[in-house]
Structure formats: C-alpha cells, structure tokens
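K.L.:
Got a structure for you, questions after.
The values are calculated or read from the model by the stated rules, or taken from the named source; none is laboratory data. Computed from a predicted structure; not experimentally measured. Positions of Cβ are generated from backbone atoms using ideal geometry, with glycine treated the same way; all protein chains shown enter the neighbour counts.
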Amino acid sequence: MIFYFSGTGNSKWVARQLAADTNQSLFFIPDELKQSRGYTLAHDEMIGFVFPIYSWGVPPIVLRFIAQLALDVASHHYIYFVATCGDETGMAPQQFRRAIARKGWECKAGFSITMPNNYVLLPGFDVDVVDVMEAKLVAAPTRLAEIISCLNNQFEGFDCVLGSWAVLKTRVVYPLFVKWGISPKKFFATDSCNGCKRCAKTCPVCNIVVESKPKWGSECTSCLACYHICPQRAIQYGGGTRNKGQYFHP
C-alpha cells in the first residue's frame, strides 16, 4: 500500500507511477485522516509513503497521519518513502524515520526525486524558469525507474539529496515555517476571479468554499494548489505572490 499527500501534483504523479509499476494500492492521506480506520497487511506487503518536502521537512499533515496510523507491522514488512523536492530534502529523511520509529516500526529505505518548484510565498522564492522546469520533468521518469528497481529488489538504504546546511534548515527554518508559514489568513482573490471553483475542487483538504469568491477555512496545509490552479491568476497571498509564476504538474 502507498499513502501519499500532494498539492500541485508532483507527489501524486510519483505515487500513481509507483502503484502501477509495483502493484500497490493507493491511499490519499487527507481522505484517510477523515476515516481513522485500520488496515490489513499481507505477509509480503510493502508500505510506502510519498510526499513533498515542506521547507526542508515532512509536511505536518503527513506526520499527523503517521501518528494515528493503525497498522499491524512486523519486522519483515518493508517500509519506505519517496520525497519529491525542488532541489533538496534537508534532514526530512531523518525526521520521517523518527516518526516511523515512534510507532515501533523501522523505515527500511527512502528516496528523493527532484521535481519542479512550486513555493512562491516568500521573497526570493518562485517557480522554476521554463527550461529548468522542463529539464526536471524530463529527468523524473528515469529517476523514478531507478527507485522502482530498488523497491522491487527490497533495497535497504537511503538515497536522498540532503543539500547544504541541512541540519540548520530542518531544525531552525522548518519549525518556523510550521509555526508561521502554514496559514490561510493572507490568501485572497482579486476581482479577476470569475467564481469557477477550480480552487475549491483542487484543495486536498476541502478548505475552500466559493460563493462569489473563494473563502478559506482553518485547515490550510499551505500546499498552494489553489494559487497554482487558478486560470485567472486571481488568487494571491498578501503582496508576496504578485507577478510570480504558476506550476501544476501536467
């Protein structure tokens, strides 16, 4: 089984490819959180987690799901993760492994795969230029094929691009991001909004209601799907996203 979270589609694409090529079932984490159910594992079942990197850490929604996940895991079960990232993961792999260890389980393998950037909320952050975005999308299937080969052979180890200053980024920047950077308060729609509701339909946690314009609830995960999917480029976040680009996995 594969549990995944995705906002703008990078991790969804990875999860779907993994499920198809390794014959695993897919479970969307926001939907599973609503059900709080248990799961039955086969003796040789692989347990995968696919998620994007959030500010050099694991998305809080994924950590919350792991904390409440009810699985009868034995030592022979193969637990792994695949993290999509714009460039690097920081210490997110270690963070994920600790979350798994707190359940009494062992994460056997982990991988990162570079995908186009989508974070635009802070100064200096924007989507990739077209050439870089296209190069990442072209390279992704080859990298994913390598990961699938490792999974099929039950590879044990971790192949992730941690990047520079990884400890500082995950231990200092990530907590600040979780505390101050995951909030719907600055989202708004300009007068370009035509009420098409694509933002509401795309929100993975159903946090948006559209009347004449979208309104955000309190369950935002800061995935930015609403911003990137808007065909009118009407959704903005304070004054920080004006004139920045959009990206949604094709």
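K.L.:
List every residue pair whose Cβ atoms sit under 8 Å apart, with the two residues 6 or more apart in sequence or on different chains, where the first one lies in region 121-135 and is within 19 Å of Phe188 (Cα to Cα) and the second, anywhere, is among the β-branched types (Val, Ile, Thr).
P.N.:
Short answer, once both residue conditions are applied: Leu121/Thr241; Asp126/Val120.
K.L.:
Let me ask another. List the residue pairs whose Cβ atoms are under 7 Å apart, where the first residue sits in region 238-249 and is within 10 Å of Asn118 (Cα to Cα) and modelled with pLDDT of 95 or more, the second is of a type in the set (A, V, I, L, M) and in a loop (DSSP other than H, G, I, E, B), and the two are 6 or more positions apart or on different chains.
P.N.:
Close Cβ pairs satisfying both conditions: Gly245/Val127; Gln246/Val127; Tyr247/Val127.
K.L.:
OK, next. Is it the case that some residue within region 128-139 is under 17 Å from the mean Cα position of the chain (by Cα), surrounded by 15 or more Cβ atoms within 10 Å (Cβ to Cβ), basic (Lys, Arg) and within 30 Å of Lys108 (Cα to Cα)? Steps first, answer last, please.
P.N.:
Within region 128-139, the first condition is being under 17 Å from the mean Cα position of the chain (by Cα), and the residues that meet it are 136-137.
Next, from what is left, pick out any that are surrounded by 15 or more Cβ atoms within 10 Å (Cβ to Cβ): 136-137.
Of the ones still in play, those that are also basic (Lys, Arg) are 136.
When the remaining residues are screened for being within 30 Å of Lys108 (Cα to Cα), the result is 136.
Yes, there is a match, as at least one residue in region 128-139 is under 17 Å from the mean Cα position of the chain (by Cα), surrounded by 15 or more Cβ atoms within 10 Å (Cβ to Cβ), basic (Lys, Arg) and within 30 Å of Lys108 (Cα to Cα).
K.L.:
Oh, and also: Is it the case that some residue within region 144-160 is of a type in the set (Phe, Trp, Tyr), assigned to a loop (DSSP other than H, G, I, E, B) and either crowded, with 16+ Cβ neighbours inside 10 Å or outside the structural domain of Gly86 (by TED's automatic domain parsing) (or both)? Steps first, answer last, please.
P.N.:
Step one: list which residues in region 144-160 are of a type in the set (Phe, Trp, Tyr), which gives 155, 158.
Remaining after also requiring assigned to a loop (DSSP other than H, G, I, E, B): 155.
Next, only the ones that are either crowded, with 16+ Cβ neighbours inside 10 Å or outside the structural domain of Gly86 (by TED's automatic domain parsing) (or both) stay: 155.
Yes, the conditions are met somewhere in region 144-160.
K.L.:
Okay, next question. Filtering region 66-103 down to residues that are small (Gly, Ala, Ser) and at pLDDT below 95, which residue is nearest to Ile29 (Cα to Cα)?
P.N.:
Taking region 66-103 as the starting set, the residues that turn out to be small (Gly, Ala, Ser) are 67, 70, 74-75, 83, 86, 90, 92, 99, 101.
From what is left, the residues that are at pLDDT below 95 are 70, 74-75.
On the way: Ala70: 13, Ala74: 22, Ser75: 24 Å.
Applying the filter and picking the extreme gives Ala70.
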